[in-house]
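> Following this message is one structure expressed as structure tokens.
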Amino acid sequence: AGGARQRRRLLGFQPVEISSADTLTVPDGYTAQVLIPWGTPIRANGPAWRRDAANTAAEQAQQIGMSHDGMRFFPLGPDRGLLVLNHEYADQLLLFPDGDAVMTAEKVAKSLAAHGVSVVEVALRRGRWELVDSRLNRRVTMATPVRFAGPVAGDHPSLRTGAEPRGTLNNCSCGATPWGTYLTCEENWNEYFATDDPSWVPTPEQARYGVTREGYGYRWHQGDPRFDLAATPHEVNRFGWVVEIDPRDPTAKPVKRTALGRIKHETATVTESRGRVVVYTGDDQVGEYIYKFVSAGRWRTMRATGRHPLDHGTLYVARFDDDGTGRWLALAHGTGPLTVANGWRDQADVLLRTRQAADAVGATPMDRPEWIAVHPHTNEVYATLSNGPGFPNAANPRQPNPFGHIVRWRERHGDATATTFEWDIFLLAGDPAFDPSVPLDAAGMFGSPDGLAFDGDGRLWIQSDISNSSLNNPRTYYVNLGNNAVLAADPVTGEVRRFAVGPRGCEMSGISFTPDHRTMFVNVQHPGEAVATMDRPTPQNPRAVSNWPDADPDGRPRSATVAIRRRDGGVIGR
Ligand code: FEO
Ligand code: CA
Ligand code: CA
Ligand code: CA
């Protein structure tokens, strides 16, 4: 554009400093209000939160769940809307008064109720957001009936267990459709299944997803045979999907949209091109891939003719070539290597084994793909790669890569349905004291990018998720970076400024804005999480690391949503 025109500075706030304090810090001139912590009753007559975690499973099902993660604000009117948020997992040491040494059917049921999704109406009154006692308020938990749609239909033999399908699991990031629904992503679903049957062995497909006999410590199978791999072998096939929820209809069943593939879904970022919907999704594990789904036709026409736009279309996986170009490789049965002759029965088989199909077509392994965001003006696509060992490819240029990076691509002709693109590295995250190639200073250095979203002005908001095993280890690269943070970046200049720092042990997640961009909602997930043995919370000392947000000497740390506003009522970040 014209050289004479002065570009307005995009980042208009004073950066906050790196901090290891047990508090949430925002810039001068901003306020932060805690909303709906874990255990908040979703209706006015609901069961009150008990700070010793003595609420029953039935009570937890009427309260906000644990581990707030992906989130979206759906406006209902001026200063009023629905907050829809994921509850990724349960910290079972904090969930029960007596910890998790013994698991019972009641404790498993409470953990199921602490998972899933919350839908709550909120309203801004005299500068503060309040929970509204609305008929739309709803919990979706691991006990909620759901249905399947797309090529892996509800009557598919792989889904049959003798019981109706229920629940959604390890809901991490999310998305929203242009027709007003919420998409929630099932991430580390494999971790909840296990068996004490020594004769059980995983299939190659189960091994590829990390399903193991031992599981990962939840021990739900000891209280509920639904999660026993030997007793209920098909239950695990019901997870790993993107799930659509209509937040305006509390009676509507959540729907698992199987055409989007079965992976450890991190995000379901929706954009439109030539009337079609395009959904970008990452598979967050070391060496996994980035995917996109393109609807078969124009979404308005499809809906008008009774074909759901997320049930009919093409799933692709990304190949990033070292010359800065890339290609979307179709995971379509009967094409390329995905043939009957090669052992692929049909499209449902391709989707149930999405990772193996992506291996077969030659996708590019990445350093843990997390969130994906589309620039509102340029249509450029940005994706966070959290960290990893590095791979011998140019899109993951550091080996090892403890700090992570953000990759960016431009679809051919700016058309999100295109099958080719050009890519570059937008940003190498980290601490320049350990890696001089990191283009960040004290005002913006961070590591392990995870949450990612654009606002309407084109500011790129980044949320960090440095693991507590790194944060608590004085010998890691992370010694100078403090608690996890929210940052803003200028996608043109690459400038990064720290906007908010979370309390101890948390990650920052779930960024969403009101339509006027005068409130930013973020989630503080797992304050107080610790992995070093000396820091582990115990029933005697549940606040070993943090007692945010209540600062209650007899309480325990709680995930919560935070509403951030400017004291002058202005646009966030401007
Ligand atoms: Fe649940 Fe990949 O973060
Ligand atoms: Ca998390
Ligand atoms: Ca994440
Ligand atoms: Ca993460």
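The values are calculated or read from the model by the stated rules, or taken from the named source; none is laboratory data. Keep in mind the model is a prediction, meaning the values are calculated, not measured. In this analysis, Cβ positions are derived from the backbone assuming ideal geometry, glycine residues included, and neighbour counts consider all displayed protein chains.
> I want to confirm something. Restricting to region 392-438 and keeping residues that are among the aliphatic types (A, V, I, L, M) and assigned to a loop (DSSP other than H, G, I, E, B), which single residue is surrounded by the fewest Cβ atoms within 10 Å (Cβ to Cβ)? Give the steps one after another, and end with the answer.
Filtering region 392-438 for residues among the aliphatic types (A, V, I, L, M) gives 394-395, 406-407, 416, 418, 425, 427-429, 433, 438.
Checking the rest, the ones that are also assigned to a loop (DSSP other than H, G, I, E, B) come to 394-395, 416, 418, 429, 433, 438.
Values: ALA394: 15, ALA395: 25, ALA416: 22, ALA418: 16, ALA429: 31, ALA433: 11, VAL438: 20.
The residue in question is ALA433.
> Okay, next question. Any chance region 211-221 includes a residue that's surrounded by fewer than 19 Cβ atoms within 10 Å (Cβ to Cβ) and within 16 Å of ligand 4 (Cβ to nearest atom)? Full working, then the answer.
Applying the first criterion (surrounded by fewer than 19 Cβ atoms within 10 Å (Cβ to Cβ)) to region 211-221 yields 212-214, 216-217.
Subsequent filtering for residues that are within 16 Å of ligand 4 (Cβ to nearest atom) retains 216.
Looking for residues that are surrounded by fewer than 19 Cβ atoms within 10 Å (Cβ to Cβ) and within 16 Å of ligand 4 (Cβ to nearest atom), one finds at least one in region 211-221, hence yes.
> OK, next. Of the residues HIS265, HIS234, which single one is surrounded by 21 or more Cβ atoms within 10 Å (Cβ to Cβ) and in contact (Cβ under 8 Å) with a residue 12 or more places away in the chain? So that I can check it myself, show each step before the final result.
Values: HIS234 fails: surrounded by 21 or more Cβ atoms within 10 Å (Cβ to Cβ).
Residue meeting the stated conditions: HIS265.
> Separate question: Out of the residues in region 249-284 that are in a loop (DSSP other than H, G, I, E, B) and polar (S, T, N, Q), which is farthest from the chain's Cα centre (by Cα)?
Going residue by residue through region 249-284, those that are in a loop (DSSP other than H, G, I, E, B) are 249-254, 261-264, 266-268, 274-275, 284.
Those left that are additionally polar (S, T, N, Q): 251, 267.
On the way: THR251: 24, THR267: 6 Å.
Per the stated criteria, the residue is THR251.
> Only one residue in ALA61, ALA54 is more than 16 Å from ligand 2 (Cβ to nearest atom) and farther than 24 Å from CYS174 by Cβ, so which one is that?
On the way: ALA61 fails: farther than 24 Å from CYS174 by Cβ.
On inspection, the qualifying residue turns out to be ALA54.
> Please determine whether any residue of region 169-176 is under 29 Å from GLU370 (Cα atoms), touching a residue at least 24 places away in the same chain (Cβ under 8 Å) and over 16 Å from the mean Cα position of the chain (by Cα). Spell out the reasoning first.
Here is the first cut: in region 169-176, the ones under 29 Å from GLU370 (Cα atoms) are 169-176.
Subset that is touching a residue at least 24 places away in the same chain (Cβ under 8 Å): 169-176.
Still in the running and over 16 Å from the mean Cα position of the chain (by Cα): none.
Within region 169-176, not a single residue is under 29 Å from GLU370 (Cα atoms), touching a residue at least 24 places away in the same chain (Cβ under 8 Å) and over 16 Å from the mean Cα position of the chain (by Cα).
> Moving on to the next point. Please identify the pairs in which a residue from region 358-374 that is in a strand (DSSP E or B) and within 14 Å of ligand 3 (Cβ to nearest atom) has its Cβ atom under 8 Å from the Cβ atom of a residue that is aliphatic (A, V, I, L, M) and modelled with pLDDT under 95, counting only partners at least 6 apart or on another chain.
none
> Please find, within region 505-522, the residue that is farthest from LEU452 (Cα to Cα) out of those that are within 13 Å of ligand 2 (Cβ to nearest atom) and assigned to a loop (DSSP other than H, G, I, E, B).
GLY505
> How do the strands (runs of 3 or more DSSP E) wholly within region 127-200 filter down when requiring 1 or more residues that are in contact with a helix residue (DSSP H, G or I) (Cβ under 8 Å, 6 or more places away or on another chain): which remain?
Working: elements: 128-131, 138-140, 147-149, 171-176, 182-186.
Strands (runs of 3 or more DSSP E) meeting the threshold: 138-140, 147-149.
> Another question, then. How about region 40-59: which of its residues are touching a residue at least 40 places away in the same chain (Cβ under 8 Å), buried (at least 18 other Cβ atoms within 10 Å of the Cβ) and touching a Phe, Trp or Tyr at 6+ places or on another chain (Cβ under 9 Å)?
THR40, ALA53, ASN55, listed by residue number.
> Before we move on, is ARG147 closer than 30 Å to ALA332 by Cα, at pLDDT 95 or above and of a type in the set (D, E, K, R)?
Against the criterion (closer than 30 Å to ALA332 by Cα, at pLDDT 95 or above and of a type in the set (D, E, K, R)), ARG147 qualifies.
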